[in-house]
Amino acid sequence: MTRFPSDSDAPAAAEPAASSLPRRDFLRIAGVGAGALLTTGCVSTGAASGGFAGITPARGIVPGRARDGGVGHVVVIGAGAWGGWTAYHLRQRGARVTLIDAYGPGNSRSTSGDETRGVRSSYGDRATGELWTPWARSAIERWRAFEQEWAPVFRTSYFHQTGDVIMRATEEPFIKNTLALWKANNVPHEVLSGAEVRKRYPVIKTDDITIAITEPDAGVVRCRAATQAVAAIGEKMGVKLVISRVRPGPTVNGAMDGVILEDGTTVRGDAYVFACGPWLRKLFPYMENRMSVPIGVACYFGVPVADPRFSFPNLPSFNFPGVTGWPVLPVDSRGFRVRGAIAAPVAAAGAAPAVGPAAGAPAPADPAQQDPDTSSRWASQDRIDGARRFLAARFPALANAPLLETRACHYESSVNRNFIIDYVPGTSNAWIAGVGQAEGFKFGPVAGEYVAQRVLGITGDPALVAAFKLPTDEYEKRPG
């Protein structure tokens, strides 16, 4: 482990970047806390708890500064949900921070580039649920605090407490396991019968539903806007934001020696955090067969004019088998979101079989679609039609709703289906942080704090250290 230099040895923090708001307006709206942020480069409240005053530390999080009170220069690569929050928490704990992103926070190629993301703690379908549920609950609390502190500053809204409802035809294992996790973690929730579901949510067709479970304080975050806000706040705190592609520098005596920008400049720090989502496979060959980067598609539909039934706060986010979604958020009205689909009906018996060389076989993977720099994010008509079939089945009033836009992004899945927060192999000062399993965004405020403390020498909970290690298993190699 690299020992960080003392405060007296650390380079001076970069000057805070200029605000997108006039300085006097930022001060007037934000009050004393933001005023201190602007003048000192550090937030004045909540430093001991990672910037969230009055909030209980998340599992495995040890409040405080770097080990031995020292600070250093940390270079974070990737300004998405995890990278941005890691930079924020590193700065909060006294480190000097350079944040580098190839395209900028919340860009359309990034996993954090969608318009919205759900924030909930229902992980009864995950082997990682015991670890993820308490972290998700801490994340909800932090997103709520972020909304209270920063939404007035930016004159908008980020976190919407929609509540979340999971509806099923039977009390399947996902429902049972989620309820067990909620009870173990004292999560406020409800269990509804089919009759109660139909009474409470009349706009949803639920004739076959016999049980639903709700998490009333779950919600939805405007993720692109929030990602950009976290980066802007980081700049206010003194984080230096650089837009450039990077490649890892050489490893010398077990330590990474800098990262190299696309213009050939080497940026050196005491430690490096690679929180660059699907790009991890491009930067580290070790990751190639330990993570996959499928593409998920979300459709945003227009709702009937002057009909508030499908807008926040009149409808919760929802979960059906294979499909999630939520109401329109009026702050920017991107639309009624549907992610997932209902498959097309199976061809009737006796129908003419498919013909051609690829009949009955899946299409070979397109290498360009496995690369976040070259992949197309255009939603296929099949995906759009599947989302429409879902609306017709569950929200009949929206069956013919206009499609306003689609969003597509790579998400990352590791071979062990858990996050990775561990050293880059062969180094003592470089970290891989990410592989969010299509769930990583919501954990940003907590994961970023955990990564920051690990980088600064605070190990914390051994169970988390073990859980987030780089996997040694690999995906089964495909023939050819």
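Things to note:
- Considering residues of the stretch 293-336 that are among the hydroxyl-bearing types (S, T, Y) and out of contact with any Asp or Glu (no Cβ under 8 Å at 6 or more places or on another chain) only, the residue nearest to R117 (Cα to Cα): T324
- Under the condition of being assigned to a helix (DSSP H, G or I) and over 17 Å from T324 (Cα atoms), the residues counted in the stretch 380-412 number 3.
- Residue in the stretch 369-390 that is over 27 Å from the mean Cα position of the chain (by Cα) and either of a type in the set (A, V, I, L, M) or crowded, with 19+ Cβ neighbours inside 10 Å (or both) present: no
- Hits in the stretch 135-170 (condition: outside any helix (DSSP H, G or I) and β-branched (V, I, T)): T156, T162, V165, I166, T170
- For the stretch 309-318, the criterion of being more than 27 Å from the chain's Cα centre (by Cα) and in a strand (DSSP E or B) is met by no residue.
- Looking across the stretch 282-296, the residues that are touching a residue at least 24 places away in the same chain (Cβ under 8 Å) and surrounded by fewer than 22 Cβ atoms within 10 Å (Cβ to Cβ) come down to K282, L283, F284, Y286, N289, R290, S292, P294, I295, G296.
- Scope the stretch 270-284; condition outside any helix (DSSP H, G or I), of a type outside the set (G, A, S) and in contact with a helix residue (DSSP H, G or I) (Cβ under 8 Å, 6 or more places away or on another chain); matching residues: V273, F274, C276
- Taking the listed residues S49, S112, the one that is hydroxyl-bearing (S, T, Y), modelled with pLDDT under 95 and touching a helix residue (DSSP H, G or I) at 6+ places or on another chain (Cβ under 6 Å) is S112, with no other qualifying.
- Residues that are among the small types (G, A, S) and touching a Ser or Thr at 6+ places or on another chain (Cβ under 8 Å) within the stretch 379-413 comprise A379, S413, listed in sequence order.
The values are calculated or read from the model by the stated rules, or taken from the named source; none is laboratory data. Keep in mind the model is a prediction, meaning the values are calculated, not measured. Virtual Cβ from ideal backbone geometry, glycine too; neighbours counted across all protein chains shown.
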